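In what follows, a single structure is set out as structure tokens and then discussed.
The values are calculated or read from the model by the stated rules, or taken from the named source; none is laboratory data. None of the values given here were measured: they were computed from a predicted structure. Cβ placement follows ideal geometry from the backbone for every residue including glycine, while neighbour counts extend to all protein chains displayed.
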Amino acid sequence: MAALAVLGAQRLDPPKRGRTQETDAANGWSDEPEVKYSITIERPADVLYRVWRDPETLPRIVAFLAEIRPSGEGRSEWRADGPLGQSHAWVMQITEDRPGELIRTSSDGGGLVTECEIRFRAASGDRGTVATLRIRFDPPGGMLGDVAARFFDSVVPKALASKALHAFKSLVLTGEIPTTDRQPAARRDPR
């Protein structure tokens, strides 16, 4: 998947001037690209939490990015195809779980996605819940991947986060995720 070559380019950390690995670690900063995207869903936070926490949900909403296989006890095995036929595999583990509020997962040190967090908070005006997805990436391709990530800025990772949250919203509201599979005349979703 060509998009994986440029995953995650929006850097939310402060500029590098005067920083070291030690100060970065002390301040919780990382060189890994990170993206954050929010969407409002007309359902209570506890319902959204329950659906996201279901081991069968994530493999459905991010099927366009990676193949995910739940392996029990808050763990899942991820595999994604990268550029030039490279395949990347890693394990994600739930590291923080607050029912109705937050689910955070971290990788075992490998892989394209190194951290993923979904937060739920009440939307203003009793309009449901704001779901905010934050993903930290480790783009493949070494220096070339880093240059491509800077060139494409935040377009690709934001589009991936947007697509995942829109699929989640559709699943919660309708019980299914719209797709153009098996519809050769249909146009692809631009997200």
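So the values come out like this:
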| read-out | value |
| --- | --- |
| Identity of the residue in segment 38-48, in contact with a strand residue (DSSP E or B) (Cβ under 6 Å, 6 or more places away or on another chain) and assigned to a helix (DSSP H, G or I), that ends up nearest to Ser162 (Cα to Cα) | Leu48 |
| Residue match in segment 114-129 (condition: modelled with pLDDT under 95, closer than 20 Å to Lys36 by Cβ and surrounded by 20 or more Cβ atoms within 10 Å (Cβ to Cβ)) | yes |
| Test: residue in segment 92-103 that is at pLDDT below 90, of a type in the set (D, E, K, R), more than 19 Å from Ala63 (Cβ to Cβ) and surrounded by fewer than 19 Cβ atoms within 10 Å (Cβ to Cβ) | no |
| Where a residue in segment 79-104 is acidic (Asp, Glu) and its partner, wherever it lies, is in a loop (DSSP other than H, G, I, E, B) and surrounded by 12 or more Cβ atoms within 10 Å (Cβ to Cβ), with Cβ under 8 Å and at least six apart | Asp81/Met1; Asp97/Gly74 |
| When residues of segment 142-185 are limited to those that are at pLDDT below 60 and not in a helix (DSSP H, G or I), the one farthest from Lys36 (Cα to Cα) | Phe152 |
| Residue within segment 110-130 that is basic (Lys, Arg), touching a residue at least 40 places away in the same chain (Cβ under 8 Å), more than 23 Å from Ala159 (Cα to Cα) and not in a strand (DSSP E or B) present | yes |
| Within segment 92-102, tally of residues that are within 17 Å of Trp78 (Cα to Cα) and of a type in the set (A, V, I, L, M, F, W, C) | 2 |
